[in-house]
Amino acid sequence: MNTLKPALIALLIACTCAYAQQEPAPAPERSAVPEVKPPPKRKPLKRRSVQQVIEPTPRIVTEPYRPVLEVRPSAPLSQPIPGPVRMNSCDGAGCTDTNGNRFNGGIGTTLIGPQGQLCNKGLVNAQCF
């Protein structure tokens, strides 16, 4: 190992000296065909000064705001939400109230009433919305 390092250094120095002593490559000969030169660049055209014309936008005329004074008909009275319905008996498909109306079963405590409205079922009654 002690002799390997100096031997490698000596080999490296010998290679670099041999490379440095090589003769330079001969210059390439010029060909008989002259080189093609690109055409001369044109000067950019001078910009003309033009007066800037700014035309105003015509005014958009709208009618001024004024309150509307019309008599409107009153809103129709909303029907009050009916009270809870007392359930008479329930089975796997739904329940029947004390008037004999059928409430079909939904998911969980939800029932579908006779007119198609959703109802929440409690212990003994149902509230429809």
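Values in this text are rule-based calculations from the coordinates and carry no lab data. Model, not experiment: these values are computed from the prediction. Note that each Cβ is placed from the backbone with ideal geometry, even for glycine, and that neighbours are counted across all protein chains shown.
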Subject >> Burial order of peptide ranges 115-128, 45-58 (average beta-carbon count within 10 Å, highest first) >> reply: 115-128, 45-58
Original post:
Classify region 27-129: rounded, prolate or oblate, from the alpha-carbon gyration tensor (a ≥ b ≥ c, eigenvalue square roots; a/c under 1.5 rounded; otherwise prolate if a/b is larger than b/c)?
Top reply: oblate
Original post:
Does region 82-129 come out rounded, prolate or oblate by the C-alpha gyration tensor, with a ≥ b ≥ c the root eigenvalues, rounded set by a/c under 1.5 and, if not, prolate when a/b is larger than b/c and oblate if not?
Top reply: rounded
